[in-house]
1. I want the antiparallel fraction of DSSP beta bridges within the range 45-261, as a percent rounded to 5.
2. So how do Tyr408, Tyr158, Tyr391, Tyr199 rank on accessible area, 1.4 Å probe, biggest first, that is with the largest at the start?
3. In the calculated pair distance distribution of the chain, what percentage of Cα-Cα distances lie above 31 Å?
4. Tell me the label-point distance for the pair Gln386, His195, using the 7 Å Cα-to-Cβ offset, in nm and rounded to one decimal.
5. Give me the distance in nm between label points sitting 7 Å out from Cα along the Cα-to-Cβ direction at Gln39 and Phe124, one decimal.
6. With a 10 Å radius around each residue's Cβ, average the other Cβ atoms per peptide and rank 73-79, 238-244, highest first.
7. Take the chain, connect every pair of alpha-carbon atoms lying under 10 Å apart with a spring to form a Gaussian network, then pick out the residue of Ala134, Ala291, Ala274 with the largest mean-square fluctuation.
8. For the chain, with the dipole built from +1 on Lys and Arg beta-carbon atoms and -1 on Asp and Glu ones, taken about the Cα centre, which of Ala395, Val193, Leu369 lies farthest toward the positive end?
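The values are calculated or read from the model by the stated rules, or taken from the named source; none is laboratory data. In this text the structure is predicted, and so the values were computed from the model without any measurement. Cβ atoms come from the backbone with ideal geometry, glycine included; neighbour counts cover every protein chain shown. Accessible surface areas use protein heavy atoms only, side chains included; no ligands, DNA or RNA. Shrake-Rupley method; radii C 1.70, N 1.55, O 1.52, S 1.80 Å.
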Amino acid sequence: MLVSRRLTSHPLVSFIRRNSTAAEPPPAGGHLPSIATSQILRSTRERALRTPGLVWNDDEDTNSIVSVGRECRKMNVYQAVRDALSIALTKNDNAVVFGEDIAFGGVFRCTMGLAEEFGRERVFNTPLTEQGIAGFAIGMAAMGHTAIAEIQFADYIYPAFDQLVNEAAKIRYRSGGQFNVGGLTIRTPTMSVGHGGLYHSQSPEGFFMGASGLKIVIPRSPIQAKGLLLSSIRDPNPVIFMEPKILYRSAIEQVPIDDFSLPLGRAETLVSGADLTLLTWGTPIYHCETALHLLADPPPELAPHIPESVRKAKIELIDLRSILPWDAEAVAESVSRTGRLVIVHEAGMTAGVGAEIASEVQKRCFLRLAAPVKRVTGWDTPVPLQYEKFYIPDAIRIMDSIVETLSY
């Protein structure tokens with residue numbers, strides 16, 4: 001007690017107390033952008049209504065860009081998905097939504113209240129059988145329904161692989177155009193969540209790259225999720241719609257409540273640049289944004305490893321959005337201007353989506369490349385049960401690859 005009193009009366013302690021609030025403490029997440037603070041997300045009504053490619057589906061003039069009176073609401077990704085499903089069920093009496101635990105709201109709550117709103121005949125649970133879910137959905141779509149099925153995790157889509165690749169993708173060709181399953185949409189949560197391990201953090205989009213007849217779509221945000229999902233549901237081809245699960249609650253935007261769509265097969269340039277093209281999709285979009293901040297203004301610990309000559313580089317950040325078909329024209333146009341390409345995805349490197357993109361870009365832009373195409377990916381191992389963070393391409397690995405490519 002005596003020691004405590006002496007310390008309390010010490011001049012240094014008094015000085016610290018008087019000046020303890022002189023400087024603001026750093027924010028809990030640090031000063032770098034996170035998903036919650038990302039400038040890519042459209043946090044105001046004005047920015048939301050100016051989303052590139054947005055088309056109102058309830059507007060008689062489809063070329064109209066007037067958004068007067070349009071209401072927006074703050075939503076995260078799972079709420080935006082739920083909103084899109086509600087619109088699809090409302091406007092299309094043939095639409096049905098089903099999957100494991102769907103009638104209860106789903107494990108990520110994307111179908112909360114839909115069974116009560118539209119009835120258990122249109123929103124219903126299925127047995128735990130991914131092959132059965134896909135086969136049932138294909139049959140319903142072939143009979144003219146709009147079948148919106150959920151595979152509870154993308155990691156469990158493999159039992160349905162035969163149905164999707166050998167049946168859904170080929171039925172129009174196989175029947176000479178007499179049958180098609182264009183009304184089929186498969187929703188599935190994908191990518192890492194930080195602790196999902198080998199059975200809950202996989203990114204299987206690359207396995208479907210050779211399945212001509214399918215479309216693969218991965219949104220990055222609530223607006224993208226709603227607009228791209230509605231486009232997928234109405235597209236005349238079967239679509240696998242993969243939703244990055246860590247974004248369900250962390251990505252928040254002002255989302256128009258009306259019916260709108262965004263184009264499939266079109267990439268979007270998020271940040272314009274002239275020195276390097278940075279291409280990705282889904283969750284890594286936000287790691288890339290952080291990497292660009294690290295490059296431009298590195299903290300003291302990283303500064304010795306980042307040459308001054310590359311810190312002012314203008315990086316073009318592109319969200320691919322549609323994996324199949326992917327927007328080769330937009331990517332090639334960008335790389336032709338910048339001369340450099342870095343591709344980022346969470347799946348392993350070997351035979352991943354980045355390999356196909358790198359090959360096509362090399363063919364189209366060979367004489368304009370100033371450096372080899374670089375891929376930043378997960379490792380060629382199962383997603384680990386521990387240290388998942390070191391498997392996923394984070395901002396440091398992305399920044400390091402940018403520096404390497406710019407310095408080539």
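1. Values: 7 of 29 bridges.
For the range 45-261, the DSSP antiparallel bridge percentage is about 25.
2. Values: Tyr408 170, Tyr158 80, Tyr391 15, Tyr199 130 Å².
Sorted by accessible area, descending: Tyr408, Tyr199, Tyr158, Tyr391.
3. Percentage above 31 Å: 42.
4. If labels sit at Gln386 and His195, their model points lie 1.5 nm apart.
5. The answer from the label model is 5.1 nm.
6. Top of the packing list down: 238-244, 73-79.
7. Among Ala134, Ala291, Ala274, the largest GNM mean-square fluctuation belongs to Ala274.
8. So the residue we want is Ala395.
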